[in-house]
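Participant: The following block contains the structure, expressed as structure tokens.
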There are 2 protein chains.
Amino acid sequence: LLFASRWVNPPPSVSLAEASALPSGFVAGAVSAGVKQEGRLDVGVLQCLSPEVVSAARFCDSGVIAAPVVLCQTECDLSRVRAVVANSGNANAATGERGMVQARLVQTGAANALGLEPREVAVASTGVIGVQLPGERIAGSLSGVAPTLDPHGAASFASAIRTTDRLEKHASMTVALPSGDISLAAQCKGAGMISPRFATMLCFVETDARLEAALADRLLGTAVARSFDLVSVDGQLSTNDTALLLGSGASGVEIAPGSDDETAFAAALEALLLALAILVVKDGEGARRIAQVAVSGANVDETERVARHVANSPLVKAALFGGDPNWGRIAQAAGAALPGRPLALDIAIEGLAVCADGAALDVDRASLERAVARDEVEYSLALGGEGALSRVYFSDLSYDYVKINAEYTT
Amino acid sequence: LLFASRWVNPPPSVSLAEASALPSGFVAGAVSAGVKQEGRLDVGVLQCLSPEVVSAARFCDSGVIAAPVVLCQTECDLSRVRAVVANSGNANAATGERGMVQARLVQTGAANALGLEPREVAVASTGVIGVQLPGERIAGSLSGVAPTLDPHGAASFASAIRTTDRLEKHASMTVALPSGDISLAAQCKGAGMISPRFATMLCFVETDARLEAALADRLLGTAVARSFDLVSVDGQLSTNDTALLLGSGASGVEIAPGSDDETAFAAALEALLLALAILVVKDGEGARRIAQVAVSGANVDETERVARHVANSPLVKAALFGGDPNWGRIAQAAGAALPGRPLALDIAIEGLAVCADGAALDVDRASLERAVARDEVEYSLALGGEGALSRVYFSDLSYDYVKINAEYTT
């Protein structure tokens, strides 16, 4: 499933490994602390056992940032994170100072269980906003996490961090770098409150390659910008987005900055994160169909603005769900994105031109209806001029999206 | 129904008149041209019979502007419009030069039927985007419009311009100005593709007051900014928005700029347009519940940005539909609107404080559930600081919104 989308092209150096396997130097596990329903795994722990660990992190930017994100940003050494503790079922966002206290309780509980300093433990939360996290209860349950930690613990860790997700979103792979084979794995969650810049999600990435923290930071930043930054389920920026990359160095294979190893590693990492990001979209709350909108034109501000307007338009998304070839809504969304002058807009759906220079073309209706009935639909827009290209991947707007978000407090 | 919302307070000078009655000096009527389903009225005509007519207009601003809007902006004398021809069922947008030709055919057809110059006839269209308008057929049907024109023709005119609207949106009133009584009427359409700045809608306003074109322009601009600019059904800017004010002067009551008459007229006009704008929201595609979000804080850019983010959030809208008191989504939307620093955010729902200084409060759940079960729900947000206040009125996101927009090409 990981590479099922035609929009992901993994490099030939990549071969998939058993999905629950972690790169050498890592263990993971999970416990149940009663944050989600009784008995379900809801607290995951990931640990790097290697003394040479390096790490890098990215977070969302919002005026309402969750306590665990603030804690990571202010009290962790983000280039030397040795462990992660992440809970689902409660975002610990809009919880004020008390929320910070709860996040610290969780961090300290994990540090005690693993024999680490609190600043070496990153914390992450996902779930409902505006409810206090039971930090003490989570810290208590963490005293039982050590026996669950396992080099094949990726699956239970990933399961503990999921909320409304239906699809599993973790993968493990071997990458043949010029200097030798390394392992790369990631565990991800995300289904709603997903927007470019970036998705509402948690994503933890591990590798046993040896690399410096500055390089890890550059590699993670670029890969996130080319994956999670490009997806939207509902255009809703979250309060908790966290992406962390940890390197154990345990393979002994070193990635030198600027080397062919870096190029090969970057390609594998980007394919992995894009595949996971597209899985997030496919798993978008209530989604039946997903789409890619690709906008080309004179400058990247304009192409990005148009791509996001199209991806976030409830009219476009409802038409995508219904298999309705009503491209007039794509034109409307593009026009709303760039007011002020008439756009010389070209639109094609799956290569079928429907609009040229702002005006409707005669189109074979049957071909168009077949095109929009696919599981993955491609919209191409050209704004005139050349140079920039922006893509956004997005899901449809369905009855189930409304159901999930109207009938449950998620 | 017009003044049913608690958010509209008509001044005491206003008394409602029979809704199909037009102010003196005006007639209206409608024909069927087969643009909508066979036999339904789909082309409305409004005419001012007074030689002293003045007018003012406002249009949406988009990179994809419908041909009738372009025609009005480039070929009409917008301060001296004597008649309007408006069709439903087809937006004549994204139709290129051929669309302009069709719009001119309609304009000329109406001008011929009414004995006017084409430049004295404003044209407007609403309906599906990206389909050529049958201009010749409409022009042909307009040869039969003259016998339908009637001083009580507002209802059939209004019926001809509606599309997915379920509620009637026309009203007529008498306004007791200090200098004497005048009449004021408006016919409006709009239900989907509705966004602040401004609603996807057509609105035609008539008065028999005597006023100069410059004053009409100022009055219309202010009233639109305080009504149609403040509503959102789905955050989707249209390609066709048109608001026109026509004054016949037939009452003989003159509104001098800066006079108490102007103040009283402005208050009545604003109440009328706000009432119609809220009817548009109430009639939002699939809507069960509507809400007002009022955001106060340091500057109007920030308050407006937050109000729109909340009003357009599918998560907030689905919770509104479900009667779910999940205010964390309001916090999330506010945070997404203003990234970069933690917001000292206060949130209240129907006066119940749920969040203070960015942190959740203990709230009586039963009271909160009663508050969000109302037909009209008020969210109040304070960003800290004082001065600015922005309001947006919006509808919920329902199964029927998805149904209307997924299963039909609208």
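The values are calculated or read from the model by the stated rules, or taken from the named source; none is laboratory data. Note that the coordinates shown come from a computational prediction; the quantities given were computed from them, not determined experimentally. Using ideal geometry, Cβ is built from the backbone for each residue, glycine included, and neighbour counts are taken over all protein chains shown. Please note that ligands, DNA and RNA were not included when accessible areas were found on the heavy atoms of the full protein model with its side chains. Shrake-Rupley method; radii C 1.70, N 1.55, O 1.52, S 1.80 Å.
Participant: Answer with one residue from B:Met100, B:Ala185, B:Gly34: the one whose Cα lies farthest towards the positive end of the charge dipole of chain B, charges on Cβ with Lys, Arg +1 and Asp, Glu -1.
Facilitator: Value: B:Gly34.
Participant: In addition: May I ask you to give the percent of accessible area on region A:40-165 that is carbon plus sulfur, with a probe radius of 1.4 Å?
Facilitator: Working: 2180 of 4240 Å².
Carbon-and-sulfur percentage of accessible area, whole number: 51.
Participant: For region A:141-149, in order, what is each residue's ³J(HN,Hα) by Karplus, 6.51 cos²θ - 1.76 cosθ + 1.60 with θ = phi - 60°, in whole Hz (x at glycine and Pro)?
Facilitator: Karplus-based 3J(HN,Hα) across region A:141-149 equals 5, 5, 4, x, 7, 3, x, 7, 6 Hz.
Participant: At most 15 other Cβ atoms within 10 Å and a DSSP loop assignment: could you name the chymotrypsin sites (Phe, Trp or Tyr not before Pro) in region A:323-410 that fit?
Facilitator: Working: sites: A:Trp327, A:Tyr379, A:Tyr393, A:Phe394, A:Tyr399, A:Tyr401, A:Tyr408; in loops: A:Trp327, A:Tyr408.
Filter output for region A:323-410: A:Tyr408.
Participant: Using amide H atoms built in the peptide plane, which far-off residues or other-chain residues are under 5 Å from A:Ser238 H to H?
Facilitator: HN-HN under 5 Å from A:Ser238: A:Ser195, A:Thr200.
Participant: Step through the table entries A:Lys282/B:Lys282; B:Lys36/B:Lys403; A:Lys189/B:Lys403; A:Lys36/A:Lys317; A:Lys36/B:Lys403; A:Lys317/A:Lys403, compare each Cα-Cα distance with 23 Å, and write down the pairs that go over it.
Facilitator: Details: A:Lys282/B:Lys282 33 Å; B:Lys36/B:Lys403 20 Å; A:Lys189/B:Lys403 29 Å; A:Lys36/A:Lys317 30 Å; A:Lys36/B:Lys403 32 Å; A:Lys317/A:Lys403 16 Å.
In this structure, A:Lys282/B:Lys282; A:Lys189/B:Lys403; A:Lys36/A:Lys317; A:Lys36/B:Lys403 lie more than 23 Å apart at Cα.
Participant: To the nearest 20 debye, what is the magnitude of the charge dipole of region B:313-410 about its Cα centre, counting +1 on the Cβ of each Lys and Arg and -1 on the Cβ of each Asp and Glu? Don't jump to the answer; show the numbers that get you there.
Facilitator: On the way: 8 positive and 14 negative charges, 58 e Å.
With only Lys, Arg, Asp and Glu charged at Cβ, the dipole is about 280 debye.
Participant: Turning to a different aspect of this structure: Expressed as an acute angle from 0 to 90° and rounded to the nearest 10, what is the orientation of the C-alpha long axis of helix B:260-282 relative to the principal long axis of chain B?
Facilitator: The answer is roughly 70 degrees.
Participant: Moving to a separate point now. Using a simple charge model, +1 on the beta-carbon of Lys and Arg, -1 on the beta-carbon of Asp and Glu, nothing else, what dipole does region A:285-349 show about its Cα centre, in debye to the nearest 20? Write down the numbers at each step before the final one.
Facilitator: On the way: 7 positive and 6 negative charges, 34 e Å.
With Lys and Arg at +1 and Asp and Glu at -1, about 160 debye.
Participant: Distances longer than 42 Å among the Cα atoms of chain B: what percent of all pairs is that?
Facilitator: Values: 12230 of 83845 pairs.
Beyond 42 Å sits 15 percent of the P(r) for chain B.
Participant: Any idea what diffusion coefficient region A:232-315 gets from Stokes-Einstein, in µm²/s, Kirkwood Rh on alpha carbon pairs, 4 °C, 1.567 mPa s? Before the final figure, lay out the partial values.
Facilitator: Values: Rh = 16.1 Å.
D, rounded to a whole number, is 80 µm²/s.
Participant: Under 8 Å for C-alpha pairs, at least 6 residues apart: give me the relative contact order for region A:40-192, rounded to a whole percent. Numbers along the way, then the final one.
Facilitator: On the way: 284 pairs, mean separation 37.6, N = 153.
The value is 25 percent.
Participant: If you don't mind, another one. Within the set of other residues whose C-beta is less than 14 Å from the C-beta of B:Glu168, count the net charge using Lys and Arg as +1 and Asp and Glu as -1.
Facilitator: Numbers: positive: B:Arg162, B:Arg166, B:Lys169, B:Lys189, B:Lys282; negative: B:Glu18, B:Asp165, B:Asp283.
Local charge sum for B:Glu168: +2.
Participant: Follow-up question, since we're still on this one. Mind giving me the nanometre distance, one decimal, between the label points for B:Glu18 and B:Arg218, set 7 Å out from Cα along Cα→Cβ?
Facilitator: 3.6 nm
Participant: Now for a different question. Using alpha-carbon positions, what is the distance between the centroids of region A:73-148 and region B:300-355, in Å?
Facilitator: Cα centroid to Cα centroid, the span is 26 Å.
Participant: Something else now. How big is the B/A interface in buried accessible area, both sides summed, 1.4 Å probe, to the nearest 100 Å²?
Facilitator: When B and A are taken together, about 4100 Å² of accessible area is lost.
Participant: Which of the GluC sites (Glu not before Pro) across region B:47-150 are loop residues per DSSP, with 16 or fewer other Cβ within 10 Å? Walk me through the intermediate numbers first.
Facilitator: Details: sites: B:Glu52, B:Glu75, B:Glu97, B:Glu120, B:Glu136; in loops: B:Glu52.
For GluC sites (Glu not before Pro) across region B:47-150 that sit outside H, G, I, E and B with at most 16 neighbouring Cβ atoms in 10 Å, the list reads B:Glu52.
Participant: Check the straight Cα-Cα distances from A:Lys169 and name the aspartates and glutamates below 18 Å, setting aside those fewer than 8 residues away within the same chain.
Facilitator: Within the straight-line limit of under 18 Å, A:Lys169 reaches these aspartates and glutamates: A:Glu18, A:Asp42, A:Glu206, A:Asp229, A:Asp241, A:Glu270, A:Asp283, A:Glu285.
Participant: Same structure again: For region A:396-402, take each phi angle, set θ = phi - 60°, evaluate the Karplus expression 6.51 cos²θ - 1.76 cosθ + 1.60, and give the result in whole Hz per residue in order, putting x for glycine and proline.
Facilitator: Computed from phi, the couplings for region A:396-402 are 8, 10, 10, 4, 5, 4, 4 Hz.
Participant: Ignoring everything but the protein chains, give the 1.4 Å probe accessible area of A:Val253 in square angstrom, nearest 10.
Facilitator: Counting only protein heavy atoms, the figure is 20 Å².
Participant: Next question. Explain nothing, just the number: dipole magnitude of region B:67-165 about its Cα centre with +1 on each Lys and Arg Cβ and -1 on each Asp and Glu Cβ, in debye rounded to the nearest 20. It would help to have the intermediate numbers written out before the result.
Facilitator: Values: 7 positive and 8 negative charges, 16 e Å.
That gives a dipole near 80 debye.
Participant: Only protein chains counted, 1.4 angstrom probe. Which residues of region A:58-98 are at least 50 Å² less accessible in the assembly than when their chain is isolated?
Facilitator: A:Gly63, A:Val64, A:Ala94
Participant: Between B:Ala371, B:Ala359, B:Ala291, where does the largest GNM mean-square fluctuation fall for chain B, given springs only between Cα atoms within less than 10 Å?
Facilitator: So, out of B:Ala371, B:Ala359, B:Ala291, the one fluctuating most is B:Ala359.
Participant: What list of ³J(HN,Hα) values in whole Hz, one per residue of region A:213-227 in order, does the Karplus curve 6.51 cos²θ - 1.76 cosθ + 1.60 (θ = phi - 60°) give from phi, with Gly and Pro shown as x?
Facilitator: 4, 5, 5, 4, 5, 5, 5, 5, x, 5, 5, 5, 4, 9, 9
Participant: At 1.4 Å probe radius, can you tell me the per residue accessible area of region A:208-367 in Å²?
Facilitator: Working: 4690 Å² over 160 residues.
About 29 Å² of surface per residue is accessible.
Participant: Where does the charge balance sit around B:Leu272 when Lys and Arg score +1, Asp and Glu -1, over other residues with C-beta under 13 Å from its C-beta?
Facilitator: Details: positive: B:Lys169, B:Arg226; negative: B:Glu206, B:Glu270.
Result for the local shell: 0.
Participant: May I ask you to derive the relative contact order of region A:286-410, considering only C-alpha pairs under 8 Å and at least 6 residues apart, and to give it as an integer percent? Working shown, then result.
Facilitator: Working: 247 pairs, mean separation 57.9, N = 125.
Over region A:286-410, the number comes to 46 percent.
Participant: Another question, if that's okay. So for chain B, taking the charge dipole from beta-carbon charges (+1 Lys/Arg, -1 Asp/Glu), which of B:Ser251, B:Ala359, B:Gly140 sits furthest toward the positive end?
Facilitator: Checking the options against the dipole of chain B, the answer is B:Gly140.
Participant: Once you keep just the Cα pairs under 8 angstrom separated by 6 or more residues, what percentage relative contact order results for chain A? All intermediate terms of the calculation are to be shown ahead of the outcome.
Facilitator: Details: 1071 pairs, mean separation 72.7, N = 410.
Averaging sequence separation for qualifying contacts and normalising by length gives 18 percent for chain A.
Participant: Take the Cα atoms of region A:118-274, find their three principal axes, and give me the spread along each one in whole Å, biggest first.
Facilitator: 48, 40, 29
Participant: Using a 1.4 Å probe over the heavy atoms of the protein chains, calculate the carbon and sulfur portion of the accessible area of region A:321-410 as a whole percent.
Facilitator: The nonpolar share, carbon plus sulfur, comes to 47 percent.
Participant: Could you provide, to the nearest whole Å², the per residue accessible area of region B:1-152 with probe 1.4 Å?
Facilitator: Each residue of region B:1-152 exposes 38 Å² on average to a 1.4 Å probe.
Participant: At a probe size of 1.4 Å, how large is the accessible area of A:His309, to the nearest 10 Å²?
Facilitator: Accessible surface of A:His309 is approximately 70 Å².
Participant: If the protein assembly as shown were replaced by its equivalent ellipsoid, with semi-axes equal to the square roots of 5 times the Cα gyration tensor eigenvalues, what would those be, largest first, whole Å?
Facilitator: Details: eigenvalues 600, 175, 75 Å².
They are 55, 30, 19 Å, listed from largest to smallest.
Participant: Please list, in order, the residues from region A:228-258 whose amide nitrogen is less than 12 Å from a point placed 7 Å along the Cα→Cβ vector of A:Gln73.
Facilitator: Taking a point 7 Å out along Cα→Cβ of A:Gln73, the residues of region A:228-258 whose backbone N falls under 12 Å are A:239-242.
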